[in-house]
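Quick notes on the structure that follows.
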Amino acid sequence: MPQLVARGHQVTGTTTDPGTVGLLEQLGAEAVVMDGLDAASVGEAVATARPDVIVHQMTGLSAAHAGKPDLRHPDRFFAVTNRLRTEGTDHLLAAAEAAGVSHLVAQGFGAFNAVRTGPWVNTEEDPLNPDLAAALSDALHHLEDVVVTAGGAVLRYGALYGPGAIDDQVTLVRKRQYPLVGGGTGYNSWVHLDDAAGATVLAVEQHARGVFNVVDDEPAPAGVWLPYLAECAGAKRPMRVPAWLARLLAGDMAVMMMTEGRGFSNAKAKRELGWELRYPSWRQGFKEELA
């Protein structure tokens with residue numbers, strides 16, 4: 001919102017919580033309370049705002065919606081988000097059609113969830129991992145299919161970090177409760193919040209179409225980025241646990257992420273959107289964030 005407002009755009013921001021209306025207004029947006037899972041609520045919000053572009057950032061990942069992070073039960077933890085990526089996306093597209101809105105930019109996901117065969121770093125042409133938690137995988141595929149078919153853009157954000165975004169992870173690292181699993185060979189792609197927002201603004205202004213990986217320049221295995229995060233946080237080096245034990249304690253998704261995850265290339269977003277990163281590497285970003 002701040003980046004859009006700074007570039008002269010008029011922004012209507014939606015929230016499910018009336019208590020955050022003031023925050024949206026402070027950021028320079030007109031605020032609307034909307035339920036993304038209620039077609040009538042979405043339709044009314046879009047019809048009233050009469051936007052040129054809709055930016056779909058709806059998730060249900062906050063503690064209020066999803067509870068504590070729980071990768072052992074991903075279909076339960078991501079349940080609301082999965083509905084927002086399926087039903088919520090469909091509601092937005094229907095409202096856009098009814099109101100004559102020509103373009104939609106939607107939040108996708110591309111941190112470690114590329115298909116687990118072939119290279120460790122993947123492009124937009126490579127498929128997403130179909131073995132991710134079933135409902136989560138289905139929701140991501142649905143979002144990409146319907147948005148791209150409608151002529152919109154899906155931005156596969158990497159793992160987001162920046163002010164407040166990884167506080168929970170840093171707390172676990174400092175308590176030595178965020179171990180390396182197996183050889184720590186699984187790759188992850190990161191992106192700073194400011195850079196993710198910058199790519200989104202470009203996609204809005206250029207009416208971009210298709211799928212874009214919005215990640216930094218340095219996909220890296222867990223065995224590299226996690227110890228560095230601990231160092232930046234002033235913590236001891238993470239403990240290492242075998243995959244079989246981590247699977248019992250944290251579930252299949254956590255083990256896959258740490259041992260078999262695949263990262264993503266940002267070449268297309270740079271080439272087609274003219275995207276330039278303020279934080280080309282998580283190394284710089286982690287150090288600044290935790291200084």
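At a glance:
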quantity: Index of the failed condition, Ala95 passing every other in (1) crowded, with 19+ Cβ neighbours inside 10 Å; (2) within 16 Å of the chain's Cα centre (by Cα); (3) assigned to a helix (DSSP H, G or I); calculated: (2)
quantity: The one condition in (1) open to solvent by 30 Å² or more (accessible area, probe 1.4 Å); (2) farther than 22 Å from Pro127 by Cβ; (3) assigned to a loop (DSSP other than H, G, I, E, B); (4) not acidic (Asp, Glu) that Thr185 fails to fulfil; calculated: (2)
quantity: Residue ID - nearest to Tyr178 (Cα to Cα), chosen from residues in the range 31-75 that are open to solvent by less than 30 Å² (accessible area, probe 1.4 Å) and part of a helix (DSSP H, G or I); calculated: Pro74
quantity: Selection from the range 35-76 of residues that are within 18 Å of Leu104 (Cβ to Cβ), of a type in the set (A, V, I, L, M) and within 18 Å of the chain's Cα centre (by Cα); calculated: Ile54, Val55, Met58
quantity: Residue in the range 180-187 that is within 17 Å of the chain's Cα centre (by Cα) and modelled with pLDDT of 95 or more present; calculated: yes
quantity: Condition check for Trp190: surrounded by fewer than 20 Cβ atoms within 10 Å (Cβ to Cβ), of a type in the set (Phe, Trp, Tyr) and within 28 Å of Ala267 (Cα to Cα); calculated: no
quantity: Residues of the range 141-178 classified as surrounded by fewer than 17 Cβ atoms within 10 Å (Cβ to Cβ) and at positive phi, total; calculated: 3
quantity: Boolean, Leu277 is out of contact with any strand residue (DSSP E or B) (no Cβ under 6 Å at 6 or more places or on another chain), touching a residue at least 12 places away in the same chain (Cβ under 8 Å) and either under 26 Å from His192 (Cα atoms) or assigned to a helix (DSSP H, G or I) (or both); calculated: yes
quantity: Hits in the range 196-223 - residues which are part of a helix (DSSP H, G or I) and either surrounded by 21 or more Cβ atoms within 10 Å (Cβ to Cβ) or aliphatic (A, V, I, L, M) (or both); calculated: Ala196, Ala197, Ala199, Thr200, Val201, Leu202, Ala203, Val204, Ala222
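The values are calculated or read from the model by the stated rules, or taken from the named source; none is laboratory data. Because the structure is predicted, anything quoted here is derived from the model rather than measured. Note that each Cβ is placed from the backbone with ideal geometry, even for glycine, and that neighbours are counted across all protein chains shown. Heads up: the accessible areas ignore ligands, DNA and RNA and are worked out on the full protein's heavy atoms, side chains in. Shrake-Rupley method; radii C 1.70, N 1.55, O 1.52, S 1.80 Å.
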